[in-house]
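The values are calculated or read from the model by the stated rules, or taken from the named source; none is laboratory data. None of the values given here were measured: they were computed from a predicted structure. Glycine gets a Cβ as well: all are built from the backbone with ideal geometry, and neighbour counts include every protein chain shown.
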Amino acid sequence: MPSRTATVNDIELAYSTEGEGPALLLVHGFPLDRTMWHHQIDTLSARYQVIAPDLRGYGKSSLGKVDPEAGVSMRQYADDLAGLLDAIGCRQPVVYCGFSMGGYIGWQFVQHHSARLKALIQCDTKATADNEETRAVRNKMAAHVSEWGARRVAEEMVPKLFADTTRAEHGTIVERMKRVISSTDPSAIAAAQLGMAARPDMTALLSEIKVPTLALCGKEDQLTTPDVMRAMAEAIPDAEYIEIAGAAHMAPVEKPQEVTAAMQQFLKRV
Ligand code: MLT
């Protein structure tokens, strides 16, 4: 996946762009990087321009200046993405595809950059804000991750991300994700946790979404559960909902063929 860099806002944003055609923007989750999309990039770039950035602070992108109280807001990440599209001269409306935190950012992209949006794919994500308990967990991690190190975050998170069958039969996928999380800058982890803790409830936006939408959810996802995602899709006027069997939260990497095929079907009709 050849890496390029664009200067966007106050940072150097790393990204890849592969293929030509209608533009598809793939936005990774927390605390990951664009390598989570490698199957989708390899397959879909045959027909689409697939743009996959590392969000600020992740992968090869710089973090920039961070307010230590507020972290990086979902709006800031969304503005970075719009800035990246400007920087690379992508004028056509994009299909925005976000995974989990990439989905939280997606709602901000819908709200603030709607002219750039052709369609929406939301994977394993939700529109609601955090409850107090989740906020407290995020704030604790933000306060301590620099002393803990990212490896501890990987050890804590990974058991919750995968289906039992993935853990039993595809250990290399699990190890790969562990490596990505372990090598993430603790400051970027803290900044995103604060930003996610402060993110607003976007439920009221759902009925206003005008573009075709695909909601994808791993059947065993315990972080953004199928019932939550199904209800979210039902609230969006032109949305379809697809469940991916044998996958949990990390559906796009656990069942890449199935997720890519569902995306392909959707992309054909939008
Ligand atoms: C993610 O996968 O991006 C995270 O699970 C999102 C979150 O922490 O809410």
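Does residue 68 qualify as being free of Cβ contacts under 8 Å to residues at least 24 places away in the same chain and at negative phi? Spelling it out, residue 68 is indeed free of Cβ contacts under 8 Å to residues at least 24 places away in the same chain and at negative phi.
Could you say whether any residue in the range 225-233 is farther than 22 Å from residue 73 by Cα and among the charged types (D, E, K, R)? Checked against the condition, which is being farther than 22 Å from residue 73 by Cα and among the charged types (D, E, K, R), the range 225-233 yields at least one hit.
Identify all residues within the range 212-223 that are buried (at least 22 other Cβ atoms within 10 Å of the Cβ) and either within 16 Å of the ligand (Cβ to nearest atom) or of a type in the set (A, V, I, L, M) (or both); write none if there are none. Selection gives 214, 215, 216, 217, 218, 221.
Within the range 248-270, residues that are over 23 Å from residue 101 (Cβ atoms) have Cβ atoms under 8 Å from residues that are assigned to a helix (DSSP H, G or I) in these pairs: 257/39; 264/43; 264/44, counting only partners at least 6 apart in sequence or on another chain. Within the range 236-270, the residues that satisfy the criterion of being among the small types (Gly, Ala, Ser) and in a loop (DSSP other than H, G, I, E, B) are 245, 246, 247, 248.
In the range 174-196 there is no residue that is farther than 30 Å from residue 118 by Cβ, out of contact with any Leu (no Cβ under 7 Å at 6 or more places or on another chain), at pLDDT below 95 and within 16 Å of the ligand (Cβ to nearest atom). Only residues that are within 14 Å of the ligand (Cβ to nearest atom) and assigned to a loop (DSSP other than H, G, I, E, B) were counted across the range 224-235, and they come to 2.
When we screen 209, 189 for residues that are surrounded by 17 or more Cβ atoms within 10 Å (Cβ to Cβ) and assigned to a helix (DSSP H, G or I), the only hit is 189. Quick one: which of 89, 106 is within 24 Å of residue 194 (Cα to Cα) and of a type outside the set (Val, Ile, Thr)? From the options 89, 106, the qualifying one is 106. Here the range 16-35 is the region considered, the condition is being in contact (Cβ under 8 Å) with a residue 40 or more places away in the chain and buried (at least 24 other Cβ atoms within 10 Å of the Cβ), and the residue that is farthest from the ligand (Cβ to nearest atom) is 24. Please determine, by comparing only the residues of the range 243-257 that are at negative phi and surrounded by fewer than 19 Cβ atoms within 10 Å (Cβ to Cβ), which one is farthest from the chain's Cα centre (by Cα). Per the stated criteria, the residue is 245.
Strands (runs of 3 or more DSSP E) fully within the range 43-154 that include at least 3 residues being more than 16 Å from the ligand (Cβ to nearest atom) and within 20 Å of the chain's Cα centre (by Cα): 49-53, 117-123.
In this structure, residue 5 does not qualify as under 15 Å from the mean Cα position of the chain (by Cα) and closer than 20 Å to residue 185 by Cα.
Would you point out the residue of the range 155-173, among those that are part of a helix (DSSP H, G or I) and buried (at least 16 other Cβ atoms within 10 Å of the Cβ), that is farthest from the ligand (Cβ to nearest atom)? Only one residue fits best here, namely 167.
Quick grid of which residues meet (1) of a type outside the set (A, V, I, L, M); (2) free of Cβ contacts under 8 Å to residues at least 40 places away in the same chain:
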position	(1), (2)
148	yes, yes
160	yes, no
171	yes, yes
177	no, no
186	yes, no
196	no, no
203	yes, no
206	no, no
214	no, no
